[in-house]
Amino acid sequence: MQALLLLNFIVPFVMILVGVLLKRHPVWDMRTQNGYNTPASRKSQAHWDYAQQIAPDIYIFLGKCLFAVEVVLCVMLWLLRVSVEKSLIIGGGIGAACLFYGFYHTDRKIEEKFSDV
């Protein structure tokens with residue numbers, strides 16, 4: 001049953017994977033609808049280029065931090081004998097929050113960069 005706790009590592013793994021893929025294969029054409037694609041990044045080609053430049057590093061960093069947090073959290077919850085179901089809910093909630101924070105943080109950096117334009 002404790003093997004189910006591995007599900008908490010899906011979000012950090014995907015964040016790191018997407019960051020690495022975007023870093024290795026940046027998308028410079030806005031029309032492809034691939035890459036870091038949010039309303040803030042689609043405002044202009046300059047916004048798009050900057051988003052493709054910063055998003056991979058943000059997601060790799062957040063994914064690594066989330067992985068470490070999930071490891072510590074899973075061990076703590078296991079030692080405290082918290083049920084696997086509750087551990088999955090807590091870990092999933094933290095993973096979702098971190099994922100949404102990645103979008104929020106990246107869009108904020110884009111807006112900050114182009115606020116004077």
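Please give the direction-averaged projected area of the C-alpha convex hull for region 13-81, in square nanometres with one decimal.
Projected over every direction and averaged, the Cα hull of region 13-81 covers 5.2 nm².
Could you give the distance between the Cα centres of region 64-117 and region 1-46, to the whole Å? Comparing the Cα centres of region 64-117 and region 1-46, I get a distance of 15 Å.
For Lys109, the aspartates and glutamates whose Cα falls under 20 Å of its own Cα, not counting residues fewer than eight places away in the same chain, are Asp49, Asp57.
Its convex hull of Cα atoms gives the chain a direction-averaged projected area, equal to a quarter of the hull surface, of 7.8 nm². Between Ser83 and Cys65, residue separation times 0.36 nm minus the direct Cα-Cα distance comes to 4.1 nm.
When ligands, DNA and RNA are left out and all protein chains stay put, how many square angstrom of accessible area per residue does the chain have with a 1.4 Å probe?
63 Å²
Quantify, in whole percent, the carbon and sulfur part of the accessible surface of the chain (1.4 Å probe; protein heavy atoms only). Summing carbon and sulfur atoms, their accessible area is 69 percent of the total for the chain.
The values are calculated or read from the model by the stated rules, or taken from the named source; none is laboratory data. These numbers come from a predicted model, not from an experiment. Each accessible area value is taken on the protein alone, full model and side chains, heavy atoms only, with ligands, DNA and RNA left out. Shrake-Rupley method; radii C 1.70, N 1.55, O 1.52, S 1.80 Å.
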